[in-house]
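I have placed the structure first, in the form of structure tokens, so that the comments after it can refer back to it.
The values are calculated or read from the model by the stated rules, or taken from the named source; none is laboratory data. Since the structure is predicted, the reported quantities are computational estimates derived from the model, not experimental observations. Note that we place each Cβ from the backbone using ideal geometry, even for glycine, and neighbour counts take in every protein chain shown.
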Amino acid sequence: MVRMSREQIIRLGRLLCMHYRPSELAAEIGCHVDTVYRSFVPSGCPHQRDEKGHIWIIGTEFAEWARAVAKRKRIPLGEGEAYCLKCRAPTRMTGHLTIKPTNRYLELVVGECSECGTKVHRARARRHDNDERADS
């Protein structure tokens with residue numbers, strides 16, 4: 001998964017219609033060169049390899065791809081749902097739900113995936129003891 005900061009997305013406007021080496025691209029957008037090799041290229045950023053195997057990235061094509069990736073929508077979760085990393089989908093939390101307060105504002109709800117039975121976690125706004133709402 002590719003994550004870019006707001007500052008990096010703004011810097012995409014600086015890229016020209018020319019071939020960049022991964023180190024040059026990393027310097028232009030303000031990330032580490034390993035991010036280009038380990039995150040961007042495996043995630044499908046448009047690139048070419050020359051006869052020696054060097055990677056070349058066209059700046060404008062990369063900017064277009066990165067903006068499209070950044071606009072991907074979050075998956076909305078309903079009440080009592082969590083995202084299962086094994087199923088790679090939102091699932092209903094089943095079994096005994098454990099609620100662990102993490103700080104003044106958040107609590108962690110732990111349950112089981114309804115599909116595969118794996119332990120799933122979901123952070124939510126903390127509900128105080130006087131609140132009568134409970135997860136089903």
I'd like to know if the range 11-24 contains one or more residues that are surrounded by 13 or more Cβ atoms within 10 Å (Cβ to Cβ) and modelled with pLDDT under 90.
no
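Looking only at the range 10-36, filter to residues that are assigned to a helix (DSSP H, G or I) and among the charged types (D, E, K, R); which one of those is nearest to residue 57 (Cα to Cα)?
24
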Could you give me the residue pairs with C-beta distances under 8 Å whose first residue belongs to the range 82-93 and is without any contact (Cβ under 8 Å) to a residue 24 or more places away in the chain, whose second residue is surrounded by 13 or more Cβ atoms within 10 Å (Cβ to Cβ) wherever it lies, and which are 6+ apart or on separate chains?
90/77; 90/81; 90/82; 90/83; 90/84; 92/80; 92/81; 92/114
Of the conditions (1) loosely packed, with under 15 Cβ neighbours inside 10 Å; (2) in the same structural domain as residue 22 (by TED's automatic domain parsing); (3) hydrophobic (A, V, I, L, M, F, W, C), residue 87 satisfies every one except a single condition; which number is it?
(2)
Give me the residue from the range 100-125 that is closer than 16 Å to residue 88 by Cβ and among the basic types (Lys, Arg) and, out of that set, surrounded by the most Cβ atoms within 10 Å (Cβ to Cβ).
122
In the range 44-82, which residues are part of a loop (DSSP other than H, G, I, E, B), modelled with pLDDT of 90 or more and out of contact with any Phe, Trp or Tyr (no Cβ under 7 Å at 6 or more places or on another chain)?
44, 51, 52, 53, 54
